[in-house]
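Peer 1: One structure coming up, written as structure tokens, with questions to follow.
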């Protein structure tokens, strides 16, 4: 697993920066609807899974299983950051982009015990999606040049 984290550390750094950006937008009062697309951890984790999956083939010689594990590493990193930020938001009593009803796909605000299962379902769905995207990226990695 540490090999995948080492290869994905740039993506993980960007995820942390996106998390900080989301917190700043929420803290400065930018409406969720206006700001959520700017710093989306899920969207970035999907793109990173695809691209890192693609580049893992020519740069590291990864097979498809390794590329999928790389995608899982990236998406789990994003989902753990989201989960931690959600818990933090509830514990400090702050309304953030992480506990906003739209972020949790619910019509109105929910409590932390209600939000946690929603986040865990999101983790499973996003890991499956990220794995598929990493596999698709790895498949397309044949089109990239190899090491010079």
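The values are calculated or read from the model by the stated rules, or taken from the named source; none is laboratory data. Bear in mind that the values here come from a model prediction, so they are computed numbers and not experimental data. All Cβ positions, glycine included, derive from the backbone under ideal geometry; neighbour counts span all protein chains shown.
Peer 1: Does residue 44 satisfy the criteria of being within 15 Å of residue 134 (Cβ to Cβ) and assigned to a helix (DSSP H, G or I)?
Peer 2: Judged against the criteria, residue 44 is a match.
Peer 1: Restricting the search to segment 102-115, which residues are touching a residue at least 24 places away in the same chain (Cβ under 8 Å) and in a helix (DSSP H, G or I)?
Peer 2: Hits for segment 102-115 are 112, 115.
Peer 1: Can you report the number of residues in segment 57-82 which are buried (at least 19 other Cβ atoms within 10 Å of the Cβ) and at pLDDT below 95?
Peer 2: Within segment 57-82, residues that are buried (at least 19 other Cβ atoms within 10 Å of the Cβ) and at pLDDT below 95 number 1.
Peer 1: Give me the pairs: first residue in segment 126-143 and at pLDDT below 95, second residue crowded, with 21+ Cβ neighbours inside 10 Å and assigned to a helix (DSSP H, G or I), beta-carbon distance under 6 Å, and six or more apart or on different chains, which are they?
Peer 2: Short answer, once both residue conditions are applied: 141/54; 141/57.
Peer 1: Another question, then. Of (1) farther than 23 Å from residue 8 by Cβ; (2) at pLDDT 95 or above; (3) surrounded by 13 or more Cβ atoms within 10 Å (Cβ to Cβ), residue 49 satisfies all except one. Which?
Peer 2: Of (1) farther than 23 Å from residue 8 by Cβ; (2) at pLDDT 95 or above; (3) surrounded by 13 or more Cβ atoms within 10 Å (Cβ to Cβ), only one is false for residue 49: (1).
Peer 1: Among the residues of segment 23-38, is there at least one that is within 13 Å of the chain's Cα centre (by Cα), in a helix (DSSP H, G or I) and surrounded by fewer than 15 Cβ atoms within 10 Å (Cβ to Cβ)?
Peer 2: no
Peer 1: Any chance you could count how many residues in segment 1-20 are surrounded by fewer than 18 Cβ atoms within 10 Å (Cβ to Cβ), part of a helix (DSSP H, G or I) and more than 14 Å from the chain's Cα centre (by Cα)?
Peer 2: 3
Peer 1: Do you know which residues across segment 18-37 are farther than 19 Å from residue 50 by Cβ and either without any contact (Cβ under 8 Å) to a residue 40 or more places away in the chain or in contact with a strand residue (DSSP E or B) (Cβ under 7 Å, 6 or more places away or on another chain) (or both)?
Peer 2: 20, 21, 24, 28, 29, 30, 31, 34
Peer 1: For residue 126, state whether it is assigned to a loop (DSSP other than H, G, I, E, B) and either within 14 Å of the chain's Cα centre (by Cα) or farther than 12 Å from residue 49 by Cα (or both). It would help to see each step written out before you state the result.
Peer 2: Working: assigned to a loop (DSSP other than H, G, I, E, B): no; either within 14 Å of the chain's Cα centre (by Cα) or farther than 12 Å from residue 49 by Cα (or both): yes.
The answer is no for residue 126.
Peer 1: Tell me whether segment 83-101 contains one or more residues that are in a helix (DSSP H, G or I), within 12 Å of the chain's Cα centre (by Cα) and modelled with pLDDT of 95 or more.
Peer 2: Of the residues in segment 83-101, the ones in a helix (DSSP H, G or I) are 83-92.
Retained after the next criterion (residues that are within 12 Å of the chain's Cα centre (by Cα)): 83.
Still in the list and also modelled with pLDDT of 95 or more: 83.
The answer is yes; a qualifying residue exists.
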